[in-house]
Amino acid sequence: MQLDRTEIVIRQRTGLELFDLSLLLLKRHFLKIAATMALLGLPLLAIDIFAVAWMLGEDAYLASEHLSAPREAMWWRYTGHLVVLFTLQFQVISLPTAIFLGNIIFFEDMNLRRLVQRCLPVAGRSLFMLGILRLGLVNLLVVWFINRSYAFDTAKEVWMLFIFAGVGLLLRASWPFAPEILGLEFCKLRVGNTGELSYWQRSKGLHNPMASENITRFIAAAFFAVLLCLMLLGTALFVQGVASGDWLWNRWFDFLVLPLCMWLVGLFMAVFRFLSYLDSRIRLEGWEVDLQIRAEATRLTEIARPSAGLASLTTEGATP
């Protein structure tokens with residue numbers, strides 16, 4: 001790995017430059033980035049759909065028939081849960097993508113086997129941090145306990161759709177780089193007295209100085225993500241209308257097109273978050289200078305190694 005030879009120029013960038021660069025990087029490595037997001041994203045999306053599909057079924061209709069528009073209420077309930085589940089799970093889903101991007105910018109390609117090997121050592125702490133403390137998988141556990149005889153189970157769904165979602169989005173906007181800290185810097189949750197930085201120390205040092213900028217940047221990213229998802233849905237509806245003459249939203253959109261569009265938008269958001277992580281390190285730590293110094297130190301070490309070997313051979317061959 002040549003630390004001063006990177007696929008993108010390591011320098012400070014504005015938010016709009018990061019959006020542009022995200023699209024360019026996604027275009028260049030689309031299939032590989034999609035494969036890394038599919039590793040956890042597609043199985044979790046399938047589980048999410050299976051977990052909330054009953055909200056569009058006949059039992060849910062019977063529970064909602066006292067409402068003025070039961071079908072619309074069922075659809076909003078299903079869509080709300082599906083979107084919130086994916087949004088909260090996004091940091092878990094994008095962990096392999098963060099690890100892949102951290103290597104690809106140094107032209108160190110990773111196949112699926114190597115990626116899985118890199119993910120396994122951090123799987124436990126990532127599951128605990130991203131899945132539990134950051135509420136990534138909490139909604140998926142709670143959704144199985146919703147009372148299906150109610151049109152809206154207030155005791156659980158208010159927490160899932162509003163409180164957990166609100167807290168989760170706040171955590172992701174204020175402290176967005178948890179997957180990169182865990183997956184690329186290998187920070188442990190507890191380090192003892194070894195002198196290493198724990199995850200909590202590293203997160204505080206990386207996030208706190210740029211908290212306001214991170215919130216602004218990721219609110220803008222969320223706004224663009226919503227627009228991009230609506231654009232993809234509109235395109236899919238147009239293609240369906242032209243191809244079949246059916247211009248109405250149907251079950252294909254509920255169970256396939258909507259999850260697929262959210263997953264595609266997730267590709268863009270994962271790249272944008274990674275580039276924002278690099279930008280934060282550059283601003284706070286002078287990372288571009290650090291890379292150049294470390295690269296030069298590596299070269300000097302490699303140059304000195306043959307010289308030392310030659311000196312050793314000369315000494316051994318000399319006559320006393």
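Counted as membrane-span-like here are DSSP H helices of the chain whose alpha-carbon atoms extend 30 Å or more along the helix's own axis and whose Kyte-Doolittle mean is -0.5 or above; these are 70-93, 211-244, 258-285, 287-317. The residues of the chain expose, per residue, 53 Å² of accessible area to a 1.4 Å probe.
Only Cα sites of the stretch 56-198 enter the Debye sum here, all with the same form factor; the resulting log10 I(q)/I(0) across q = 0.11, 0.16, 0.17, 0.20 1/Å is -0.55, -0.88, -0.94, -1.14, listed in q order. Each label point was placed 7 Å from the Cα along the Cα-to-Cβ direction; for GLU72 and GLU213 their separation is 4.5 nm. At q = 0.09, 0.13 Å⁻¹, what log₁₀ I(q)/I(0) does a Debye calculation on the Cα points of the chain give, no solvent, two decimals? After summing over all Cα pairs, the log10 values are -0.55, -1.02. Straight-line reach from LYS32: taking Cα to Cα under 30 Å and skipping same-chain neighbours fewer than 8 places apart, the lysines in range are LYS188.
Across the stretch 127-144, the residues whose backbone nitrogen lies under 13 Å from the label position 7 Å along the beta-carbon direction of ASP59 are 144.
Each label was represented as a point 7 Å from its Cα along the Cα-to-Cβ direction; for TRP247 and ILE303 these points are 7.0 nm apart.
Set the Förster distance to 22 Å, then compute FRET efficiency between ARG283 and PHE223 from the Cβ-Cβ distance, nearest 0.05. The value I calculate is 0.45.
Note on LEU264 and ALA35: the extension gain reaches 81.3 nm, defined as 0.36 nm multiplied by sequence separation minus the Cα-Cα distance. By the helix-only formula, in which each DSSP H run with n ≥ 4 contributes -39500 (n - 2.57) and the sum is divided by residues, the chain has a 222 nm mean residue ellipticity of -22500 deg cm²/dmol.
The values are calculated or read from the model by the stated rules, or taken from the named source; none is laboratory data. Everything quoted here is computed from the prediction, not taken from an experiment. Every residue, glycine among them, receives a Cβ derived from its backbone with ideal geometry; neighbour counts consider all protein chains shown. These accessible areas exclude ligands, DNA and RNA; they are computed on the full protein's heavy atoms, side chains included. Shrake-Rupley method; radii C 1.70, N 1.55, O 1.52, S 1.80 Å.
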